[in-house]
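Participant: Dumping the structure here so I can ask a few things about it.
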Protein chains: 2
Amino acid sequence: MGSRSVIGRQIADYRAEHEHEILAEFCELLRHRNVATNRQDIASNAEAVSDALRRRGFDVQLLDDGSDCPPCVLGELTVPGATRTVVFYAHYDGQPADQPGWTTDPWTPTVRSGSTAAGAADVDWQQARTVDPEWRIYARSASDDKAPVQAMLSALDALRCTGNAPIVNIKVLYEGEEEQGSPHLSGILSRHREAIAGDLFVLSDGPQHPSGRFQLFFGVRGMTGLELTVYGPTRPLHSGHFGNWAPNPAIMLVHLLAALRDDDGAVLIPGFTADVRDLTGAERAALTALPGTDRAIAAELALGRTEGQDSLAASISRPALNLRGIEVGAVGERAANTIDTRARASIDFRLVPDQTPDRIRDCTERYLADLGWTVVAADPDTATLAAHPRLVKAEWQSGYPAYRAGFDSPPVCALIESVTRAIGVEPLLVPMLGGSLPLHTIAATLAMPVVGMPIANYDNNQHGANENLRIGNLWAAIDLYAQLLVDLSW
Amino acid sequence: MGSRSVIGRQIADYRAEHEHEILAEFCELLRHRNVATNRQDIASNAEAVSDALRRRGFDVQLLDDGSDCPPCVLGELTVPGATRTVVFYAHYDGQPADQPGWTTDPWTPTVRSGSTAAGAADVDWQQARTVDPEWRIYARSASDDKAPVQAMLSALDALRCTGNAPIVNIKVLYEGEEEQGSPHLSGILSRHREAIAGDLFVLSDGPQHPSGRFQLFFGVRGMTGLELTVYGPTRPLHSGHFGNWAPNPAIMLVHLLAALRDDDGAVLIPGFTADVRDLTGAERAALTALPGTDRAIAAELALGRTEGQDSLAASISRPALNLRGIEVGAVGERAANTIDTRARASIDFRLVPDQTPDRIRDCTERYLADLGWTVVAADPDTATLAAHPRLVKAEWQSGYPAYRAGFDSPPVCALIESVTRAIGVEPLLVPMLGGSLPLHTIAATLAMPVVGMPIANYDNNQHGANENLRIGNLWAAIDLYAQLLVDLSW
């Protein structure tokens with residue numbers, strides 16, 4: 001602990017002496033437009049990141065899945081004598097930046113004295129003697145997700161300049177298509193699993209906890225999507241002339257959906273929770289220990305109740321069926337006294353370990369059959385319509401399972417302990433985020449645990465206008481990466 | 001019966017000798033554009049109809065409700081010694097005619113050898129020696145609803161030329177705004193109830209029975225409309241981050257709607273049927289006697305089942321709750337993993353005697369309250385949202401009760417018997433149509449029974465392109481009106 005503290009001070013001193021230099025390099029990186037649908041922009045980013053890594057001694061490869069997809073940049077820095085390899089993931093592509101409301105150009109990084117929302121003014125940081133950690137850099141991808149890239153580069157500079165050497169082999173895997181839904185990531189990982197091989201996958205993306213405290217997350221929910229279509233008469237009918245006799249697909253769909261879940265979130269599909277792996281005692285304790293922000297969020301959203309009795313954190317640790325939308329007939333001014341020809345609903349399922357999309361599909365379709373529905377996969381012809389009293393088309397969207405690393409494996413334990421030493425306080429441990437990422441695929445393909453270590457401020461406006469990174473968060477991330485690299489061992 | 005048959009033959013002979021003259025007058029009437037939103041067009045129609053009535057000896061007034069609305073044309077023909085007055089209703093306005101698909105100009109009446117849909121060709125009827133009753137006149141309002149106007153005019157001509165006199169006082173009430181929803185009719189009736197006073201109200205509008213048989217109808221269902229809005233969070237939420245915790249208004253609405261009716265048409269609102277007046281034995285017998293077209297309709301619509309076990313005719317004699325539409329979130333390509341801020345549904349209630357919109361509103365809102373909903377009439381503010389776990393906005397549309405005249409009153413009995421004598425066969429007796437018209441208001445305001453006596457062919461394309469009247473139906477209506485006027489007594 002003693003020597004780590006010494007190194008910690010050395011890192012902090014280095015960083016304080018090189019703030020302008022670090023910010024200048026980061027701003028240069030942020031000037032590269034990086035929407036993944038523009039292949040030229042993506043190539044320019046991949047090249048800039050590769051060059052920056054090579055300058056730090058990395059061996060760099062651009063990985064694809066065999067197609068002409070935006071590449072993953074894989075950098076490898078081998079440390080003599082090291083027996084463990086840590087893979088640090090981030091992504092260099094960003095969301096489109098055509099939202100209204102950007103105060104300054106999203107591709108011209110601008111430093112302001114705080115949050116634009118709070119009226120902060122532009123700062124001429126290049127002329128300032130010191131940089132206030134409360135200042136923020138405004139640019140697309142400042143937080144999501146180039147900050148971890150810059151933090152790693154600067155952390156390595158800090159170690160080198162202070163005469164400290166990493167004790168683990170370092171790989172960085174910087175994806176170029178995350179904001180497009182990572183359509184090629186799985187193929188890239190499969191194709192290059194040897195090159196990416198390691199012992200621990202640390203993913204830096206997304207924001208810190210709403211409370212402002214540092215968090216690690218150890219999983220995400222999986223997901224699958226379902227589009228349902230229920231059929232009525234082959235042409236719209238006058239409700240006066242045919243109501244009570246011709247089946248109304250709107251009300252049929254209502255009863256189908258009501259049978260799927262109650263309005264407190266409980267899913268009523270038999271077998272839906274059969275594969276659910278319970279949280280461990282440690283995971284339940286970690287959930288309980290999370291700071292309670294539920295009341296503030298409920299007040300902000302004017303919620304008159306919540307679904308069920310659990311906290312938000314506990315609620316999103318359970319599987320869920322969310323009704324995304326219903327489309328049938330019309331309401332208000334456009335409503336007609338009509339029985340429509342079909343009714344549609346869209347559902348997203350959020351899965352937890354060890355549920356799988358296939359098993360969810362099976363138990364859902366079996367349940368619909370038990371309820372008297374004939375389930376088809378394509379629009380029926382009139383003969384099929386006429387032959388079945390209750391016909392529903394079920395279109396399943398490809399999905400993926402959930403992932404939960406747990407807290408117990410040696411590399412995960414080591415990471416938790418090392419982060420605790422680095423930041424001086426135990427981080428919040430979030431067993432699983434409510435949202436979905438293909439972490440299960442990563443962990444299964446690469447055969448190593450995946451842990452999320454987000455570094456951005458919670459109010460970073462990711463995906464929106466005025467995306468920003470609090471500069472203090474960049475400093476903290478540099479300090480953290482550097483200290484992990486000289487401390488992490490198991 | 002003997003003298004009626006003699007008169008019947010005289011009428012038929014007159015009509016056969018004057019076919020061209022009758023058609024010429026009808027075509028002239030059909031050349032007047034008659035969409036009620038164009039006040040000049042409406043005035044020209046009202047004047048043409050008034051002139052035609054005055055030429056037959058009617059006293060004519062244009063009735064309004066005190067506002068500058070399209071007038072009702074009231075014509076009165078008093079018969080010396082007559083003790084009964086029959087009011088014949090039709091409307092001289094028409095639907096807009098801007099639909100695609102008109103084969104010839106909707107305002108240039110064209111005679112064809114049959115149905116355009118069956119490929120019939122234009123006929124030069126003015127040069128033809130005789131007119132085939134299967135020919136059809138194509139024009140907007142040929143069937144809906146200028147045919148009864150022409151039939152009455154020609155029936156009176158036939159009586160006069162054959163030396164026969166009506167035995168009832170005749171009033172005709174021709175509305176000018178029916179296709180706009182009759183917004184001023186109630187006011188006009190109230191204001192002029194003395195002028196319109198009579199003993200029996202015979203309404204000729206709409207088509208004959210799908211079987212092709214002549215029908216009388218003795219009522220219509222009433223209606224009222226309800227727009228429901230259920231509230232979720234004040235901004236759309238990520239279903240992964242908030243699902244299972246923030247209430248989803250889509251699923252809340254689904255459960256609300258599922259509680260209102262089952263998918264076999266049964267309304268689950270306590271008290272909903274409390275005011276329902278049962279069909280009489282004669283009405284039930286009349287329903288049973290209606291020709292069965294259910295199987296053909298179900299096959300045409302590819303229905304895999306019907307709601308409940310009743311026939312179509314019996315089903316639409318019961319009250320109904322029809323779900324017109326649902327609007328929340330999105331489906332298919334546009335679906336997002338979101339919890340929406342609100343969900344809307346639109347409902348039309350079809351009422352039967354003696355249900356009233358007010359009582360339906362009361363029992364529905366009481367039921368919603370019993371289910372745990374707080375019912376509001378306007379969008380709630382955030383304090384109201386936060387204070388109530390289940391909040392629904394209920395917006396009721398003005399409606400009106402159902403009407404069923406029954407078969408028993410003396411004028412109704414007399415009409416049924418007189419029609420039977422005129423057409424030589426008992427007409428179909430439909431206790432109540434499934435659709436809705438404000439007949440209850442007419443009957444209550446004018447204190448006389450209302451009976452529907454449609455004359456148009458079933459396949460007349462009313463409201464659509466290529467609206468038409470089968471010429472044989474016009475001849476039959478002339479014969480029928482003339483015979484009723486010399487026969488109807490009680």
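The values are calculated or read from the model by the stated rules, or taken from the named source; none is laboratory data. Note that the coordinates shown come from a computational prediction; the quantities given were computed from them, not determined experimentally. Quick reminder, even Gly has a Cβ in these numbers, built from the backbone with ideal geometry, and neighbours come from all protein chains shown.
Participant: Could you tell me whether B:Asn466 is more than 18 Å from the chain's Cα centre (by Cα) and on the phi > 0 side of the Ramachandran plot? Write out each step before concluding.
Facilitator: On the way: more than 18 Å from the chain's Cα centre (by Cα): yes; on the phi > 0 side of the Ramachandran plot: yes.
Spelling it out, B:Asn466 is indeed more than 18 Å from the chain's Cα centre (by Cα) and on the phi > 0 side of the Ramachandran plot.
Participant: Quick test of your reading of the structure: B:Glu283 fulfils all but one of (1) closer than 30 Å to A:Ala383 by Cβ; (2) among the acidic types (Asp, Glu); (3) at pLDDT 95 or above. Name the failing condition by number.
Facilitator: Exception for B:Glu283: condition (1).
Participant: Modelled with pLDDT of 95 or more, of a type in the set (Phe, Trp, Tyr), over 20 Å from A:Ala314 (Cα atoms) and in contact with a Gly (Cβ under 9 Å, 6 or more places away or on another chain): does that describe A:Tyr403? Give the derivation first.
Facilitator: Details: modelled with pLDDT of 95 or more: yes; of a type in the set (Phe, Trp, Tyr): yes; over 20 Å from A:Ala314 (Cα atoms): no; in contact with a Gly (Cβ under 9 Å, 6 or more places away or on another chain): yes.
Here the answer is no, as A:Tyr403 does not meet what is asked.
Participant: I've got another one for you. Exactly one condition in (1) surrounded by fewer than 22 Cβ atoms within 10 Å (Cβ to Cβ); (2) closer than 20 Å to A:Ala394 by Cβ; (3) within 28 Å of the chain's Cα centre (by Cα); (4) within 14 Å of chain B (Cβ to nearest Cβ) is not met by A:Ala259; state its number.
Facilitator: (3)
Participant: Would segment A:62-69 turn up any residue that is outside any loop (DSSP other than H, G, I, E, B) and of a type in the set (A, V, I, L, M, F, W, C)? Don't jump to the end; show me each part of the working.
Facilitator: Just the residues of segment A:62-69 that are outside any loop (DSSP other than H, G, I, E, B), to begin with: A:62-63.
Adding the requirement that they be of a type in the set (A, V, I, L, M, F, W, C) leaves A:62-63.
The answer is yes, given that some residue of segment A:62-69 is outside any loop (DSSP other than H, G, I, E, B) and of a type in the set (A, V, I, L, M, F, W, C).
Participant: Now for a different question. Might you let me know whether segment B:35-55 holds any residue that is at negative phi, loosely packed, with under 15 Cβ neighbours inside 10 Å and in contact (Cβ under 8 Å) with a residue 24 or more places away in the chain?
Facilitator: Scanning segment B:35-55 turns up at least one residue that is at negative phi, loosely packed, with under 15 Cβ neighbours inside 10 Å and in contact (Cβ under 8 Å) with a residue 24 or more places away in the chain.
Participant: Which condition does A:Gly292 not pass, out of (1) closer than 28 Å to B:Thr384 by Cα; (2) at the interface with chain B (Cβ under 8 Å from one of its Cβ atoms), if it passes all the others?
Facilitator: For A:Gly292, the failing item is (2).
Participant: A further question on this structure: Here's a check for you: in segment B:354-394, which residue that is charged (D, E, K, R) and exposed (fewer than 15 other Cβ atoms within 10 Å of the Cβ) is nearest to the other protein chains (Cβ to nearest Cβ)? Lay out the reasoning, then the answer.
Facilitator: Just the residues of segment B:354-394 that are charged (D, E, K, R), to begin with: B:354, B:358-359, B:361-362, B:365-366, B:370, B:379, B:381, B:390, B:393.
Narrowing the set further to residues that are exposed (fewer than 15 other Cβ atoms within 10 Å of the Cβ) leaves B:358, B:362, B:366, B:370, B:379, B:381.
On the way: B:Asp358: 20, B:Asp362: 22, B:Arg366: 20, B:Asp370: 16, B:Asp379: 12, B:Asp381: 9 Å.
Here the residue is B:Asp381.
Participant: Could you please let me know if B:Leu253 is more than 7 Å from chain A (Cβ to nearest Cβ), buried (at least 24 other Cβ atoms within 10 Å of the Cβ), under 30 Å from A:Leu301 (Cα atoms) and in contact (Cβ under 8 Å) with a residue 60 or more places away in the chain?
Facilitator: In short, yes.
Participant: Additional query: Give me the pairs, please: first residue somewhere in segment B:128-139 and among the β-branched types (Val, Ile, Thr), second residue anywhere and assigned to a strand (DSSP E or B), beta-carbon distance under 7 Å, and either six or more positions apart or on two chains.
Facilitator: If the second residue must be assigned to a strand (DSSP E or B), the pairs left are B:Ile137/B:Val111; B:Ile137/B:Asn468; B:Ile137/B:Leu469.
Participant: Under 6 Å between Cβ atoms, at least 6 apart or on separate chains: pull out the pairs that start in segment B:386-415 with a residue that is farther than 27 Å from A:Gly304 by Cβ and end on any residue that is of a type in the set (A, V, I, L, M) and part of a helix (DSSP H, G or I).
Facilitator: B:Tyr403/B:Leu439; B:Tyr403/B:Ala443; B:Ala405/B:Val412; B:Phe407/B:Ala282
Participant: Do we have any residue at all in segment B:407-429 that's within 14 Å of another protein chain (Cβ to nearest Cβ) and modelled with pLDDT under 95? Give the steps one after another, and end with the answer.
Facilitator: So the first thing to find is which residues in segment B:407-429 are within 14 Å of another protein chain (Cβ to nearest Cβ), and the list is none.
No, there is no match, as no residue in segment B:407-429 is within 14 Å of another protein chain (Cβ to nearest Cβ) and modelled with pLDDT under 95.
Participant: Right, here's the next one. How many residues, within segment B:430-445, are within 14 Å of chain A (Cβ to nearest Cβ) and surrounded by 21 or more Cβ atoms within 10 Å (Cβ to Cβ)? Walk me through how you get there before you give the answer.
Facilitator: Restricting attention to segment B:430-445, the residues satisfying the condition of being within 14 Å of chain A (Cβ to nearest Cβ) are B:430, B:432-439.
The next check asks that each one be surrounded by 21 or more Cβ atoms within 10 Å (Cβ to Cβ); those that pass are B:430, B:432-434, B:436-439.
Summing the residues that are within 14 Å of chain A (Cβ to nearest Cβ) and surrounded by 21 or more Cβ atoms within 10 Å (Cβ to Cβ) in segment B:430-445 gives 8.
Participant: Here's a follow-up. Scan segment A:462-473 for residues that are surrounded by 24 or more Cβ atoms within 10 Å (Cβ to Cβ) and either in contact with a Cys (Cβ under 6 Å, 6 or more places away or on another chain) or part of a loop (DSSP other than H, G, I, E, B) (or both) and jot them down.
Facilitator: Listed by number, the list holds a single entry, A:Glu467.
Participant: For segment B:296-313, state whether one or more residues are touching a strand residue (DSSP E or B) at 6+ places or on another chain (Cβ under 9 Å), within 7 Å of chain A (Cβ to nearest Cβ), among the hydrophobic types (A, V, I, L, M, F, W, C) and surrounded by 23 or more Cβ atoms within 10 Å (Cβ to Cβ).
Facilitator: Within segment B:296-313 (the criterion being touching a strand residue (DSSP E or B) at 6+ places or on another chain (Cβ under 9 Å), within 7 Å of chain A (Cβ to nearest Cβ), among the hydrophobic types (A, V, I, L, M, F, W, C) and surrounded by 23 or more Cβ atoms within 10 Å (Cβ to Cβ)), the answer is no, since none of the residues qualifies.
Participant: Give B:Glu227, B:Glu194, B:Glu175, B:Glu179 a once-over and let me know the one that is without any contact (Cβ under 8 Å) to a residue 40 or more places away in the chain and among the charged types (D, E, K, R). Spell out how you get there, then give the answer.
Facilitator: Working: B:Glu227 fails: without any contact (Cβ under 8 Å) to a residue 40 or more places away in the chain; B:Glu175 fails: without any contact (Cβ under 8 Å) to a residue 40 or more places away in the chain; B:Glu179 fails: without any contact (Cβ under 8 Å) to a residue 40 or more places away in the chain.
Criteria check complete, one pass: B:Glu194.
Participant: Any residue at all in segment A:79-87 that's part of a loop (DSSP other than H, G, I, E, B), in contact (Cβ under 8 Å) with a residue 40 or more places away in the chain, within 30 Å of A:Leu485 (Cα to Cα) and under 24 Å from the mean Cα position of the chain (by Cα)?
Facilitator: No, segment A:79-87 contains no residue that is part of a loop (DSSP other than H, G, I, E, B), in contact (Cβ under 8 Å) with a residue 40 or more places away in the chain, within 30 Å of A:Leu485 (Cα to Cα) and under 24 Å from the mean Cα position of the chain (by Cα).
Participant: Return only the number of the condition from (1) within 7 Å of another protein chain (Cβ to nearest Cβ); (2) under 21 Å from B:Gly243 (Cα atoms); (3) modelled with pLDDT of 95 or more that A:Leu351 does not satisfy.
Facilitator: Single failed check for A:Leu351: (1).
Participant: Within segment B:315-337, how many residues are part of a helix (DSSP H, G or I) and under 27 Å from A:Thr384 (Cα atoms)?
Facilitator: Taking segment B:315-337 as the starting set, the residues that turn out to be part of a helix (DSSP H, G or I) are B:315, B:332-334.
Now drop any that are not under 27 Å from A:Thr384 (Cα atoms), which leaves B:315, B:332-333.
Summing the residues that are part of a helix (DSSP H, G or I) and under 27 Å from A:Thr384 (Cα atoms) in segment B:315-337 gives 3.
Participant: Looking only at residues in segment B:7-37 that are part of a loop (DSSP other than H, G, I, E, B) and modelled with pLDDT under 95, which one is farthest from the chain's Cα centre (by Cα)? Steps first, please.
Facilitator: Filtering segment B:7-37 down to residues part of a loop (DSSP other than H, G, I, E, B) leaves B:18, B:31-34, B:36-37.
Narrowing further to those that are modelled with pLDDT under 95: B:36-37.
Details: B:Ala36: 17, B:Thr37: 19 Å.
In this case the residue turns out to be B:Thr37.
Participant: Among (1) more than 13 Å from chain B (Cβ to nearest Cβ); (2) more than 19 Å from A:Arg221 (Cβ to Cβ), where does A:Ala274 come up short?
Facilitator: It fails just one condition, (2).
Participant: Same structure, new question: So B:Thr441 passes all but one of these: (1) out of contact with any helix residue (DSSP H, G or I) (no Cβ under 6 Å at 6 or more places or on another chain); (2) of a type outside the set (Gly, Ala, Ser); (3) modelled with pLDDT under 95. Which condition number does it fail?
Facilitator: Every condition holds for B:Thr441 apart from (1).
Participant: Continuing with the same structure: Would it be correct to say that A:Ala343 is over 19 Å from A:Met432 (Cβ atoms), of a type in the set (A, V, I, L, M) and not in a loop (DSSP other than H, G, I, E, B)?
Facilitator: On the way: over 19 Å from A:Met432 (Cβ atoms): yes; of a type in the set (A, V, I, L, M): yes; not in a loop (DSSP other than H, G, I, E, B): yes.
Criteria met by A:Ala343.
Participant: If you take the residues of segment B:315-348 that are surrounded by fewer than 24 Cβ atoms within 10 Å (Cβ to Cβ) and hydrophobic (A, V, I, L, M, F, W, C), which of them is farthest from the other protein chains (Cβ to nearest Cβ)?
Facilitator: It comes out as B:Ala336.
Participant: Further, regarding this structure: Does B:Ala378 meet the test of being closer than 30 Å to A:His238 by Cα and outside any strand (DSSP E or B)? Step through it out loud before you land on a result.
Facilitator: On the way: closer than 30 Å to A:His238 by Cα: yes; outside any strand (DSSP E or B): yes.
Yes: the conditions hold for B:Ala378.
Participant: Give the residues of segment B:3-34 that are of a type in the set (Ser, Thr, Tyr) and exposed (fewer than 13 other Cβ atoms within 10 Å of the Cβ), sorted by residue number. Working first, answer last.
Facilitator: Filtering segment B:3-34 for residues of a type in the set (Ser, Thr, Tyr) gives B:3, B:5, B:14.
B:Ser3, B:Ser5, listed by residue number.
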